[in-house]
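Trainee: Take this structure, written in structure tokens, and hold onto it; I'll ask about it next.
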Amino acid sequence: MKVVGIPFVNALGIVGAEKAPRKIFTELGVGGEIIEVDNSNIEESIEVIYKKALGYFDERVSFVGGDHSITYPLFKAFQEKFEKPFLIVFDAHADCMPPMTEPTHEEVIRGIIDDGFDPQKIILVGVRKIEKVERDYLNRVGVKVFEEVYDLEACADYVTEKAIGHDIYVSVDIDVLDPAFAPGVSYIEPNGMSTKELFYILRRIFFMKGVRALDVVEVIPKKDEKSDYLTVKTAAKIIKEFWAK
């Protein structure tokens, strides 16, 4: 099982997530591989991530961000490697703002769709902050969104039934969790999922034969210090669960 760190940020001046890969590697007790990027050159870095990613999908692979913008080049490469790609995203935010030239962490899902990926092959889970322009877009293209997960079993059933038979990429923005469980993030959003709820659904997904790749993004180690790196530890546990299955 390969784990790859990507200390990339494209977040309109917000920094901190670039420190996460090595911190999470330490928690995992692994050296890990790092894709070196130049955060002062966004276009070049996206191309580097994309080209490197093309060589990683011969086995199950987990990526550690960095912010959520890493999913854009990673999933672009994923689509080229697999015939039936499917994207499952856990996130507090819809990430569907009108995209810039290179989608930031606020536009990554819309960027993927606008590039031609079938929105019916995307499911968003745990979203609780959606701007009007994003909601209008999601309704128009028909992405399935679970804004509040009241029935874990029903949610997990839906996700796994839709994804079965596909090549599955799972993206976990750690802020999908309630701040009580993941305080080390850029944007605190209340009323999120508990770790128990998140891991129930993830375990159901990770047991699926078609799961090929995982990314875990948006951990800010500096903001996690006061909680004894609770967010870092949870991110590492997600990766361990992925390995275990």
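Trainee: Give the label of the value calculated from the structure for Rg/Rh (Cα atoms, Kirkwood Rh), choosing from (i) 0.94; (ii) 0.92; (iii) 0.97.
Mentor: Label of the calculated value: (ii).
Trainee: For the range 11-89, which GluC sites (Glu not before Pro) are in a loop by DSSP, counting at most 16 other Cβ atoms within 10 Å? Mind showing how you got there, number by number?
Mentor: Values: sites: Glu18, Glu27, Glu33, Glu36, Glu43, Glu44, Glu47, Glu59, Glu80, Glu83; in loops: Glu36, Glu59, Glu83.
Those that pass, being in a loop and sparsely packed, are Glu36, Glu59, Glu83.
Trainee: Going by the alpha-carbon gyration tensor, a ≥ b ≥ c the square roots of its eigenvalues, is the range 44-112 rounded (a/c under 1.5) or, if a/c is not under 1.5, prolate (a/b greater than b/c) versus oblate? Before the final figure, lay out each step's value.
Mentor: Numbers: a/c = 1.74, a/b = 1.43, b/c = 1.22.
Prolate.
Trainee: Can you tell me how the range 1-88 classifies by the Cα gyration tensor, rounded, prolate or oblate, using a/c under 1.5 as the rounded cut?
Mentor: Details: a/c = 1.84, a/b = 1.16, b/c = 1.59.
Since a/c reaches 1.5 but b/c is at least a/b, the shape of the range 1-88 is classed as oblate.
Trainee: Just rank Thr231, Thr104, fewest to most, by other beta-carbon atoms within 10 angstrom. Could you put the intermediate results ahead of the total?
Mentor: Working: Thr231 26, Thr104 22.
Lowest to highest Cβ neighbour count: Thr104, Thr231.
Any read-out appearing in this document is the output of simple, stated calculations on the displayed coordinates, not a laboratory observation. This one's a predicted model, so the numbers in the text were calculated from it and none came from an experiment. Positions of Cβ are backbone-derived with ideal geometry, glycine not excepted, and every protein chain shown enters the neighbour counts.
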